[in-house]
1. Kindly evaluate A101 against the criterion of being under 12 Å from the mean Cα position of the chain (by Cα), part of a helix (DSSP H, G or I) and within 24 Å of T18 (Cβ to Cβ).
2. What pairs can you find where one residue is in region 50-78 and touching a residue at least 40 places away in the same chain (Cβ under 8 Å) and more than 10 Å from A101 (Cβ to Cβ), the other is small (G, A, S) and assigned to a helix (DSSP H, G or I), and their Cβ atoms are less than 6 Å apart, with a gap of 6+ or different chains?
3. Any idea which residue in region 102-112 is surrounded by the fewest Cβ atoms within 10 Å (Cβ to Cβ), counting only those that are without any contact (Cβ under 8 Å) to a residue 60 or more places away in the chain and of a type outside the set (D, E)?
4. Output the residues belonging to region 113-133 that are loosely packed, with under 12 Cβ neighbours inside 10 Å and farther than 17 Å from A88 by Cβ.
5. Tally time: how many residues in region 10-24 are within 17 Å of H96 (Cα to Cα), buried (at least 16 other Cβ atoms within 10 Å of the Cβ) and free of Cβ contacts under 8 Å to residues at least 24 places away in the same chain?
6. Have a look at I132, I136 and point out the one that is on the phi < 0 side of the Ramachandran plot, in contact with a helix residue (DSSP H, G or I) (Cβ under 8 Å, 6 or more places away or on another chain) and not hydroxyl-bearing (S, T, Y).
7. Regarding region 79-99, can at least one residue be identified that is under 24 Å from A139 (Cα atoms), touching a residue at least 60 places away in the same chain (Cβ under 8 Å) and surrounded by fewer than 18 Cβ atoms within 10 Å (Cβ to Cβ)?
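Every read-out reported here was derived from the displayed coordinates using simple, explicitly stated rules and does not represent laboratory data. All figures in this text were calculated on a predicted structure; none of them were measured in a lab. Note that we place each Cβ from the backbone using ideal geometry, even for glycine, and neighbour counts take in every protein chain shown.
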Amino acid sequence: MGRTDDCEICQLMIESRTNPRWVADFDHTTAFLDIRQSFRGRTTLMAKTHFEDMLTIPEAEFASITQELRVLAKAIQAAFGAIRMNYANYGNIVPHQHWHAIPRYADDPCSGADPIEPANVENLSDRQYEEIAAEIRRAL
């Protein structure tokens, strides 16, 4: 499957470590902070290989990806003291398999409900993204 030129996630993988939102590389995935940090530490784990549907990922690779998601989630939780982690995999907007790891906090804007994005979320500076990513890397 490899990478495709018209996939924004495939293109993001090319610049991975120069991007201030880069968190970590694993065997089958790369993690980047979500540009929206309404839930501090919200990270997207992206398959290194271009798969448009989760069902097309070979079984052994999918098992490894699931383990990498667990490692990432534990690091996010340890870095920021999240009380719970939420996960999402849609594929409706960007047809490249990726998983959202969303830390939840007792005082977050949607405590006890689905993590709905507030309308007024502002992007952070590159330095702020780098600091959050570094906190997660220290917990890996």
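1. Values: under 12 Å from the mean Cα position of the chain (by Cα): yes; part of a helix (DSSP H, G or I): no; within 24 Å of T18 (Cβ to Cβ): yes.
So A101 does not fit the description; no.
2. Listed pairs, sorted by first residue: A78/A139.
3. Initial filter on region 102-112 (without any contact (Cβ under 8 Å) to a residue 60 or more places away in the chain): 106-107, 110-112.
If we keep only those that are of a type outside the set (D, E) too, we end up with 106, 110-112.
On the way: A106: 10, C110: 16, S111: 12, G112: 8.
Per the stated criteria, the residue is G112.
4. Hits for region 113-133 are A119, N120, E122, N123, S125, D126, R127.
5. Narrowing region 10-24 to residues within 17 Å of H96 (Cα to Cα): 10-16.
Narrowing further to those that are buried (at least 16 other Cβ atoms within 10 Å of the Cβ): 10, 12-13, 16.
Pick out the ones that are also free of Cβ contacts under 8 Å to residues at least 24 places away in the same chain and you get 16.
Here the count works out to 1.
6. Numbers: I132 fails: in contact with a helix residue (DSSP H, G or I) (Cβ under 8 Å, 6 or more places away or on another chain).
Exactly one residue qualifies, and that residue is I136.
7. No; the residues of region 79-99 include none that is under 24 Å from A139 (Cα atoms), touching a residue at least 60 places away in the same chain (Cβ under 8 Å) and surrounded by fewer than 18 Cβ atoms within 10 Å (Cβ to Cβ).
Listed here are the residues, each with its yes/no results for (1) aromatic (F, W, Y); (2) under 25 Å from C7 (Cβ atoms).
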residue: R84; (1), (2): no, no
residue: W99; (1), (2): yes, yes
residue: I116; (1), (2): no, no
residue: E122; (1), (2): no, no
residue: D126; (1), (2): no, yes
residue: E135; (1), (2): no, no
